[in-house]
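Presented below is the structure to which this report refers.
The values are calculated or read from the model by the stated rules, or taken from the named source; none is laboratory data. Bear in mind that the values here come from a model prediction, so they are computed numbers and not experimental data. Here the Cβ positions follow ideal geometry from the backbone for every residue, glycine too, while neighbour counts run over all protein chains shown.
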2 protein chains.
Amino acid sequence: MTEFELIRRLIPTLPTSSIVEVGAGDDCAVLQSGNPNSEWLFKTDAVVENVHFTSETPPEKVGRKALARCLSDIAAMAGYPTVALVTLGLPEGFRSDWVDRCYEGINGLARQHGVAIAGGETTRSLAGIFISITLLGTLPNGRRLLRSKACVGDGIFVTGELGGSIQAKHLDFEPRLTEASWLADHYSIHALMDISDGLAGDLGQILLASNVGAELLATSIPISRVAKLRAREATGAKPALLAALTDGEDFELLFTVSSSQAVSLVDSWKQRFPLLKLSCVGRITALPGLRLRDANGTRTFQTHGFTHFA
Amino acid sequence: MTEFELIRRLIPTLPTSSIVEVGAGDDCAVLQSGNPNSEWLFKTDAVVENVHFTSETPPEKVGRKALARCLSDIAAMAGYPTVALVTLGLPEGFRSDWVDRCYEGINGLARQHGVAIAGGETTRSLAGIFISITLLGTLPNGRRLLRSKACVGDGIFVTGELGGSIQAKHLDFEPRLTEASWLADHYSIHALMDISDGLAGDLGQILLASNVGAELLATSIPISRVAKLRAREATGAKPALLAALTDGEDFELLFTVSSSQAVSLVDSWKQRFPLLKLSCVGRITALPGLRLRDANGTRTFQTHGFTHFA
């Protein structure tokens with residue numbers, strides 16, 4: 001059973017209540033706050049030794065990554081991060097300087113984004129370290145950039161470059177918080193999420209939730225240098241385009257916007273964020289499924305990216 | 001390094017902000033909600049296979065326990081639980097019926113307390129299962145039953161019976177939510193917490209935070225039947241009184257109240273909660289440290305209970 005299948009089966013069983021505006025299944029839950037101007041975003045995520053990092057990874061980067069993943073989910077709702085709790089699972093004989101350095105990474109990134117760390121929990125772990133972080137953020141009242149909001153005809157956009165994150169930026173990526181709120185403030189963004197399990201798989205989530213299909217243009221997909229290099233030089237490596245479509249941990253933004261706003265968006269983006277690439281990679285279609293168009297024509301593409309339990 | 005030492009060292013390094021009314025170091029964090037009548041409680045906790053449960057434990061009870069521990073922390077602030085997120089770490093080859101049954105336990109207890117499950121995360125774990133739960137609750141504005149509020153002369157009370165939880169109730173305990181809000185509504189409770197690491201260790205937290213001492217009366221400490229039985233029958237088992245003072249996972253309430261309210265409290269408690277024992281086990285003193293008085297006189301008692309990294 002894949003992670004997606006498991007989650008799809010569990011969601012309908014969960015108890016809900018009137019305080020929950022958006023429950024399980026999107027990047028964050030949305031909760032009524034009691035404040036008329038804003039709602040709460042609520043998100044949890046974990047990193048596990050030998051899955052998301054190794055004993056060789058500098059502890060500062062492990063802590064930074066644990067928080068950055070949650071920040072990326074707040075960005076995926078165009079929200080503002082506020083306060084976090086940290087749960088640390090530590091094996092017997094753990095090194096206290098590892099913990100200190102891990103917290104330096106968490107605290108540094110938290111300060112950079114004005115996030116308070118309001119506490120947490122330490123517990124024993126029998127094998128390897130895990131860090132589970134929960135983040136609360138705020139969302140301007142009524143803002144709903146959900147996976148289910150893509151419309152037929154929308155342009156599909158991604159920030160940055162895709163693929164090969166595990167060889168490069170997965171420990172240092174910048175959560176796209178500023179970019180996401182700018183997008184929400186200036187454009188009618190329909191669907192928005194962050195790419196954590198590969199463009200194809202995550203776009204598949206949008207297609208499924210919005211009940212639409214998509215056509216991607218192969219030559220428009222921004223392939224990272226490291227994915228290209230690896231495809232050329234590493235034996236048995238994925239072709240670069242496949243890496244860009246299916247590698248995990250890109251943590252870039254994926255969104256759809258009415259095609260009438262696409263040209264204006266590309267122009268203003270260049271002025272506002274000159275150092276970060278923005279690519280229109282395709283469009284939303286009424287025909288279901290994901291199709292990839294290249295010089296040889298159009299073929300369907302399976303929408304599963306990286307899955308934790310494959 | 002013990003868990004307490006680790007936490008004591010980390011807390012001063014954590015970034016904070018004006019939204020955080022009470023940060024790390026109490027049972028829950030307290031956050032401004034934007035609602036003038038209430039604040040948010042924010043708490044995270046985790047259970048780990050072979051630490052808090054085994055592969056023999058029925059999965060429903062594992063899920064129930066994971067949530068019940070968080071509920072007990074909301075009780076320890078006399079708050080009301082509202083909405084939770086669940087992070088599940090699963091090893092390769094996990095059984096999906098185990099996950100279904102675990103969620104039955106979580107969902108059942110959540111429904112019983114009106115708690116919504118607004119989502120969560122699944123991730124791979126390399127060895128054994130872990131479940132990390134984060135819970136938001138509400139607190140009537142200004143209610144502050146903190147560990148730091150004990151006053152010299154206060155009576156020290158505990159609910160239920162203590163010791164031997166791991167042989168008996170650790171999978172089935174009832175979080176004392178109703179009792180805690182009743183106490184806060186009707187009495188001037190000073191300090192309040194739940195007993196998770198043993199009466200002596202947890203009372204030690206109150207003494208440290210409140211800068212006071214305490215004297216416990218050995219004959220007043222409510223020792224559980226299972227702790228007595230085990231002390232009599234199991235070779236090498238702790239003496240029953242020591243078990244009641246130092247065993248983990250009791251999840252009963254520990255609180256202090258002005259001695260002038262003590263008699264009235266004991267009377268009304270019996271009427272309101274006839275099935276749950278309430279015991280006055282000692283008093284708060286100006287003299288620092290924890291002392292235990294029995295027929296042979298008074299001796300000091302080390303205030304460390306169960307520690308995860310001992």
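State which residue is nearest to the other protein chains (Cβ to nearest Cβ) when the search covers only the stretch B:19-59 and only residues that are of a type outside the set (S, T, N, Q) and over 21 Å from the mean Cα position of the chain (by Cα). Lay out the reasoning, then the answer.
Just the residues of the stretch B:19-59 that are of a type outside the set (S, T, N, Q), to begin with: B:19-31, B:34, B:36, B:39-43, B:45-49, B:51-53, B:56, B:58-59.
Now narrow it down to the ones that are over 21 Å from the mean Cα position of the chain (by Cα): B:19-20, B:34, B:36, B:56, B:58-59.
Details: B:Ile19: 6, B:Val20: 5, B:Gly34: 3, B:Pro36: 8, B:Glu56: 15, B:Pro58: 18, B:Pro59: 13 Å.
Filtering the stretch B:19-59 for residues that are of a type outside the set (S, T, N, Q) and over 21 Å from the mean Cα position of the chain (by Cα), the one nearest to the other protein chains (Cβ to nearest Cβ) comes out as B:Gly34.
Considering each residue of the stretch A:230-240 in turn, none proves to be of a type outside the set (S, T, N, Q), within 19 Å of the chain's Cα centre (by Cα), outside the structural domain of A:Gly25 (by TED's automatic domain parsing) and not in a strand (DSSP E or B). The residues listed here are B:Glu104, B:Glu56; of these, the one that is acidic (Asp, Glu) and without any contact (Cβ under 8 Å) to a residue 12 or more places away in the chain is B:Glu56.
Looking at the stretch B:4-18, which of its residues are buried (at least 19 other Cβ atoms within 10 Å of the Cβ) and at the interface with chain A (Cβ under 8 Å from one of its Cβ atoms)?
Kept after step one, since they are buried (at least 19 other Cβ atoms within 10 Å of the Cβ), are these residues of the stretch B:4-18: B:4, B:6, B:10, B:14-15.
Selection gives B:Leu6, B:Leu10, B:Leu14, B:Pro15.
Kindly establish whether B:Glu179 is at pLDDT 95 or above, among the acidic types (Asp, Glu) and outside any strand (DSSP E or B).
Details: at pLDDT 95 or above: yes; among the acidic types (Asp, Glu): yes; outside any strand (DSSP E or B): yes.
Judged against the criteria, B:Glu179 is a match.
For the stretch B:257-284, a tally of residues being among the aromatic types (Phe, Trp, Tyr) and touching a helix residue (DSSP H, G or I) at 6+ places or on another chain (Cβ under 7 Å) returns 1. Within the stretch B:74-111, the set of residues being facing another protein chain (nearest Cβ under 10 Å) and on the phi > 0 side of the Ramachandran plot comprises B:Gly93 only. Of everything listed in (1) within 23 Å of the chain's Cα centre (by Cα); (2) surrounded by fewer than 21 Cβ atoms within 10 Å (Cβ to Cβ), the single unmet condition for A:Gln261 is (1).
For the stretch A:77-101, the tally of residues that are within 19 Å of A:Val62 (Cα to Cα) and among the hydroxyl-bearing types (Ser, Thr, Tyr) stands at 2.
Taking the stated definitions as given, is A:Leu71 more than 8 Å from chain B (Cβ to nearest Cβ) and within 19 Å of the chain's Cα centre (by Cα)? Write out each step before concluding.
Details: more than 8 Å from chain B (Cβ to nearest Cβ): yes; within 19 Å of the chain's Cα centre (by Cα): yes.
For A:Leu71, the condition - more than 8 Å from chain B (Cβ to nearest Cβ) and within 19 Å of the chain's Cα centre (by Cα) - is met.
When you scan the stretch A:70-161 for strands (runs of 3 or more DSSP E) that lie fully inside it, which ones turn up with 3 or more residues that are at pLDDT 95 or above and in the same structural domain as A:Trp40 (by TED's automatic domain parsing)?
Numbers: elements: A:80-90, A:116-124, A:130-140, A:155-159.
Qualifying strands (runs of 3 or more DSSP E): A:80-90, A:116-124, A:130-140.
State whether the residues of the stretch A:117-139 include one that is more than 7 Å from chain B (Cβ to nearest Cβ) and farther than 30 Å from B:Arg8 by Cα. Yes, the stretch A:117-139 has at least one match. Filtering the stretch A:107-141 to residues that are out of contact with any Gly (no Cβ under 9 Å at 6 or more places or on another chain), surrounded by fewer than 18 Cβ atoms within 10 Å (Cβ to Cβ) and touching a residue at least 24 places away in the same chain (Cβ under 8 Å) leaves A:Gly114, A:Asn141.
Just one of the listed residues (A:Phe42, A:Phe4) is of a type outside the set (Ser, Thr, Tyr) and in contact with a Cys (Cβ under 9 Å, 6 or more places away or on another chain), and it is A:Phe42.
If you go through the stretch A:186-196 one residue at a time, do you hit one that is in a helix (DSSP H, G or I) and either buried (at least 18 other Cβ atoms within 10 Å of the Cβ) or not assigned by TED's automatic domain parsing to the domain that holds A:Arg283 (or both)? Taking every residue of the stretch A:186-196 in turn, none turns out to be in a helix (DSSP H, G or I) and either buried (at least 18 other Cβ atoms within 10 Å of the Cβ) or not assigned by TED's automatic domain parsing to the domain that holds A:Arg283 (or both).
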